[in-house]
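Coordinate-derived values only; no laboratory data. Owing to the predicted nature of the structure, the values given are computational and were not obtained by experimental measurement. Glycine also receives a Cβ, built like all others from the backbone with ideal geometry; neighbour counts cover every protein chain displayed.
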Amino acid sequence: MKRAPTHSYPGINLGEHHASAHKATEVVTFGFWVFLMSDLVYFGLMFAIYITMIDAQAGGPGPHELFDLKSVFAQTLILLTSSLTVGLAMLALKYNLPRGRIVLWFGVTLVLGLSFLVLEVRDFMAMAEKGGIPQRSGFLSAFFGLVPMHGLHVATGCLWLIVLGIQLRVKGMTDVVISRVVRLALFWHFLDLIWIGIITIVYFGGLTYG
Amino acid sequence: MDRRSEMHRRERRRYVIGYGGSLLLTLAMFGVAQVYGIETVGVYLTIGLLGLAQLVLQLVYFLHIDRRRSSREDLHLVLFSTLVLMIMILGTVWVLGNLATRMHMHLM
């Protein structure tokens, strides 16, 4: 069992099978990590605001009336599975598997991402029906500044997935396209990490302290 | 060709292990909430630790962040960002929590 020979940045490494793509990817991937970390700062501060706002419900509806844990559970499983499938898409690309396999994993990821969004929007609509709108209280403002922002990221990821799918079809598996898929996979995994923070702090934290 | 498919299998197994572990931790998290109710601090602490474990698991198995020499620069980037973030988050919560206590807003 030998270790992968060239491993110069986190996330999946293209390695020797894509020597030129590997070199091109190295620098931009590090840059992309810098972007992810600044994005993390945004989410982190929104978490901090949410924590300080949990009690600021101003007599409006609180976590117990608004949160639907069953739906959150489904969303968690969907997003986790999509994190696996985007990784498998990346591996299919790395090991030059037939294009059909790559398209399959891309498609599955897209469908999962979109179903996540559908469930999330349904949750927001159910919350709005119970009077849980952003301007109702500080707690709800903090909630709607954080969770839909994550949803927006997922929506952007879906759009990115579609664009890359088209590029793979039109341009073929060129170095540039491959390196873009590497970054998309990083972005997608990152979103799943943020989601873990959301279920732990926003949903369970809200239910415990709200 | 043989070595490649061997490497492919190994990397795929990494993802599957990460997925399986995350799945178990997620089920444990919601299971604990379901069985014990989410009212007490002890239960919430358990849930928080399960979340933290899943975070680390995914960083290692999905994002491939570890202490391998080659990925150390990125590890530094991640650790430093986390440090700055923790100062900001804990500082915010500390200062505002303190304020709330002194203003008798019974926060937390």
If you take the Cα Rg of chain A and divide it by 2.2 N^0.38 Å, with N the number of residues, what do you get?
1.15
In a GNM of chain A with a 10 Å cut-off on Cα contacts, which of A:Ile133, A:Ile166, A:Ile78 has the highest mean-square fluctuation?
A:Ile166
For a test of understanding, tell me how many lysine pairs in the protein assembly as shown have Cα atoms under 23 Å apart, given they are 8 or more places apart or on different chains.
6
May I ask for the distance between the Cα centers of the range A:95-123 and the range B:24-81, given as a whole number of Å?
24
With a ≥ b ≥ c from the Cα gyration tensor eigenvalues, square-rooted, and the rule rounded for a/c under 1.5, otherwise prolate when a/b > b/c and oblate otherwise, chain B is oblate
Stretchable slack from B:Leu99 to B:Arg10, in nm (0.36 nm times residue separation minus alpha-carbon distance)
26.8 nm
What do you get for trypsin sites (Lys or Arg not before Pro) in the range A:92-170 restricted to DSSP loop and a cutoff of at most 13 other Cβ within 10 Å of the site's Cβ?
A:Lys130
Between A:Val34 and A:Ala58, with labels modelled 7 Å along Cα→Cβ, what's the label distance in nm to one decimal, could you check?
4.0
Helix-only mean residue ellipticity at 222 nm for chain A, each DSSP H run of n ≥ 4 adding -39500 (n - 2.57), per residue, nearest 500:
-26000 deg cm²/dmol
Just the Kirkwood number for the range B:1-64, please: inverse of mean 1/r across all distinct Cα pairs, in Å, one decimal.
13.2
At most 16 other Cβ atoms within 10 Å and a DSSP loop assignment: could you name the chymotrypsin sites (Phe, Trp or Tyr not before Pro) in the range A:23-92 that fit?
none
Percent of alpha carbon pairs in the range A:72-132 separated by more than 20 Å?
40
Count the net charge of all other residues whose Cβ sits under 14 Å from the Cβ of A:Val154, scoring Lys and Arg as +1 and Asp and Glu as -1.
-4
Sparse-neighbourhood loop hits (trypsin sites (Lys or Arg not before Pro), the range B:1-71; DSSP loop; Cβ within 10 Å at most 14 others) -> B:Arg67, B:Arg68
Ranked by GNM mean-square fluctuation in chain A (Cα springs under 10 Å), the top entry among A:Leu79, A:Leu112, A:Leu40 is A:Leu40
Quick one: putting +1 on the C-beta of Lys and Arg, -1 on the C-beta of Asp and Glu, what dipole do you get for chain A around its Cα centre, in Debye to the nearest 20?
820
Among B:Leu63, B:Leu96, B:Leu45, which one shows the highest mean-square fluctuation when chain B is modelled as a Gaussian network with alpha-carbon springs under 10 Å?
B:Leu96
